[in-house]
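Each remark here refers to the structure printed beneath this line.
None of the figures in this text is laboratory data; all of them are computed from the coordinates on show. Keep in mind it's a predicted model, so treat the numbers as computed, not measured.
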Amino acid sequence: MSLLIRIDRYLRRTGVPPSTFGRRAVNDPRLVRDLRAGRMPGARICARVEAILQEAE
């Protein structure tokens, strides 16, 4: 499953705004918007996002 799909599911489930998620995850409020626009995240960003998603499960 793609990272963006997992983020979107997390956002729907928790009600956290995309900008807040990006700020908490990697200090980038545009993260989710940029991913939706085709941005390819690096390994460090993926690891930080994965950590947040794992905490929520």
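Relative contact order of segment 3-56, please, whole-number percent, based on alpha carbon pairs below 8 angstrom and at least 6 residues apart. Walk me through the numbers before you get to the answer.
Values: 38 pairs, mean separation 18.0, N = 54.
Here the relative contact order equals 33 percent.
For segment 41-52, 3J(HN,Hα) computed residue by residue from phi via the Karplus equation (6.51, -1.76, 1.60; θ = phi - 60°) reads x, x, 4, 5, 5, 4, 5, 5, 5, 4, 4, 5 Hz, glycine and proline entered as x. Report, in deg cm²/dmol and to the nearest 500, the calculated mean residue ellipticity at 222 nm for the chain, where each DSSP H run with n ≥ 4 adds -39500 (n - 2.57) and the sum is divided by the residue count. Mean residue ellipticity at 222 nm (helix-derived): -21500 deg cm²/dmol.
Applied to segment 2-8, the Karplus parametrisation 6.51 cos²θ - 1.76 cosθ + 1.60 on θ = phi - 60° returns per-residue 3J(HN,Hα) values of 6, 4, 5, 4, 5, 5, 4 Hz, with x for Gly and Pro.
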